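Data first, discussion second: the structure below is written as structure tokens.
Readers should treat all values here as calculations from the given coordinates under stated rules, not as data from a laboratory. Here the structure is a predicted model, which means the values were calculated and not measured.
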């Protein structure tokens with residue numbers, strides 16, 4: 001987006017980028033950028049807080065007043081408030097306590113069994129909200145366990161035709177898996193904070209532990225693209241177990 005901003009600026013259109021990964025913004029050097037310390041996917045903060053979102057937008061738009069010249073990169077000063085952090089939350093369904101599979105095949109079986117329990121709630125979420133963010137992996141959910149487990153076995157399975165590499169395929173599959181569970185967990189209209197739902201996903205589900213294991217294997221890979229995707233996009237930093 002910073003590069004696109006440069007192109008638009010050359011054509012006389014003032015731009016501001018709101019970014020979540022500061023090193024990327026520093027390297028690409030867009031004309032104007034506002035870095036925000038929020039979770040990935042929430043560049044304006046948490047949903048349902050229009051006053052805070054307006055603050056972020058005003059801070060970004062204020063940078064347009066800067067004259068063209070050296071790139072401008074400023075930090076938004078506050079973390080996003082979590083209006084729901086103090087309350088209690090639990091998903092509308094219970095899952096068995098995750099075990100510790102000892103092989104790639106066992107991981108695939110465990111994930112498939114858990115996904116079968118989650119599926120009715122994922123279907124309910126899609127019907128309730130009329131949409132879903134699941135689909136970027138270009139694979140059906142039934143294919144996810146076996147495909148991802150191949151990476152755990154040290155393989156680099158061929159990606160779907162519309163996706164350019166195994167590294168992108170595993171990243172997008174992880175995005176779909178997280179969305180699948182998070183949408184299901186909110187199918188009754190509950191509104192957990194990002195910390196609450198991530199805590200549940202990565203500490204109480206096979207899916208979360210699967211992603212942690214997939215991250216560990218990716219980081220040990222000799223494929224640099226897989227190493228990058230695994231290290232940056234599968235598990236948020238605060239939910240990576242020590243020594244993992």
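What number, rounded to the nearest 500 deg cm²/dmol, is the helix-based mean residue ellipticity at 222 nm of the chain, given -39500 (n - 2.57) per DSSP H run of at least four residues and division by all its residues?
Numbers: 9 runs with 119 residues, N = 244.
The helix-only estimate for the chain comes to -15500 deg cm²/dmol at 222 nm.
Can you give the angle from 0 to 90° between the axis of helix 224-233 and the longest principal axis of the chain, with both taken from C-alpha atoms, to the nearest 10?
80
What is the angle, in °, between the Cα long axis of helix 206-219 and the longest principal axis of the Cα atoms in the chain? Nearest 10 is fine, range 0 to 90.
70
Could you tell me how far the Cα centroid of segment 126-171 sits from the Cα centroid of segment 202-223, in Å?
Here the two parts' Cα centres lie 15 Å apart.
What ratio of Cα Rg to 2.2 N^0.38 Å holds for segment 104-239? Mind dumping the intermediate values first?
Numbers: Rg = 14.3 Å, N = 136, 2.2 N^0.38 = 14.2 Å.
So the Cα radius of gyration is 1.01 times the expected 2.2 N^0.38 Å.
Please report, largest first and rounded to whole Å, the three semi-axes of the ellipsoid equivalent to the chain, where each semi-axis is the square root of five times an eigenvalue of the C-alpha gyration tensor. Mind showing how you got there, number by number?
Details: eigenvalues 234, 108, 51 Å².
Whole-Å semi-axes of the equivalent ellipsoid: 34, 23, 16.
Between 148, 110, 127, find the one with the highest GNM mean-square fluctuation for the chain; connect C-alpha pairs within less than 10 Å.
Comparing 148, 110, 127 in the GNM, the peak value goes to 127.
On a 0 to 90° scale, report how tilted helix 166-185 is relative to the longest principal axis of the chain, with both axes built from alpha carbons and the result rounded to the nearest 10.
Here the helix axis deviates by roughly 80 degrees.
What percent of all Cα-Cα pairs in segment 91-133 falls into each 10 Å bin, going from 0 up to the bin containing the maximum distance?
Percent of pairs per bin, in order: 24, 43, 26, 7.
Can you give me the orientation-averaged projected area of the convex hull built on the Cα atoms of segment 125-189, in nm²?
Values: hull surface 18.1 nm².
Spelled out: convex hull of the Cα atoms, projected over all directions, averaged, 4.5 nm².
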